[in-house]
Amino acid sequence: MESHIIRPGYLTAHQTAQALGVGLPAVRKLVQRGELTVAPGSTPRHRWFAIADVQAYDARRATRNAA
């Protein structure tokens, strides 16, 4: 349930998971490992991720999988 207004240029954790084709637990693990950064201004309950960061991670992942 997305009830919070997200600033332009950011995705919610659910949107991030959908964009990466993974589940929420995988997004949490990416944050724990430091592979994805939570945006400033988000809260532990409502995390936001910069679209540019999500795209950069996805590009790194694609490069890693292609090798």
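Which of the trypsin sites (Lys or Arg not before Pro) found in the range 5-47 are in a DSSP loop and have at most 16 neighbouring Cβ atoms, other than their own, within 10 Å? Mind showing how you got there, number by number?
Details: sites: Arg28, Lys29, Arg33, Arg45, Arg47; in loops: Arg45, Arg47.
Sparse-neighbourhood loop trypsin sites (Lys or Arg not before Pro): Arg45.
With r as the distance between the Cβ atoms of Arg64 and His14 and R0 = 30 Å, compute the FRET efficiency 1/(1 + (r/R0)^6) and round to 0.05. It would help to have the intermediate numbers written out before the result.
Details: r = 24 Å, r/R0 = 0.81.
Computed FRET efficiency for His14 and Arg64 comes out at 0.80.
Give me the accessible area per residue for the chain, probe 1.4 Å, as a whole number in Å². Provide the component values of the computation, followed by the final result.
On the way: 4680 Å² over 67 residues.
Here the per-residue accessible area is 70 Å².
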* In whole Å, what are the Cα extents of the range 1-55 along the three principal axes, biggest one first? -> 26, 21, 21
* For the range 49-66, just list the computed ³J(HN,Hα) in residue order, Karplus coefficients 6.51, -1.76 and 1.60, θ = phi - 60°, integers in Hz, with x standing in for Gly and Pro. => 9, 5, 4, 4, 5, 5, 5, 5, 4, 4, 5, 4, 5, 5, 5, 5, 6, 6
* Give, as a single signed number, the net charge of other residues whose beta carbon lies under 14 Å from the beta carbon of Ala59, with Lys and Arg counted +1 and Asp and Glu -1. => 0
* Asked: How many percent of the accessible area of the chain is carbon or sulfur, using a 1.4 Å probe?
  -> 56
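At a Förster radius of 25 Å, what calculated FRET efficiency corresponds to the Cβ-Cβ distance of Ala52 and Ala26, to the nearest 0.05?
Values: r = 20 Å, r/R0 = 0.78.
Step by step, r from the Cβ atoms, then E = 0.80.
The values are calculated or read from the model by the stated rules, or taken from the named source; none is laboratory data. Source: prediction; values computed, not measured. Neighbour counts run over all protein chains shown; Cβ positions are idealised from the backbone, glycine included. All accessible areas refer to the heavy atoms of the entire protein, side chains included, with ligands and DNA or RNA removed. Shrake-Rupley method; radii C 1.70, N 1.55, O 1.52, S 1.80 Å.
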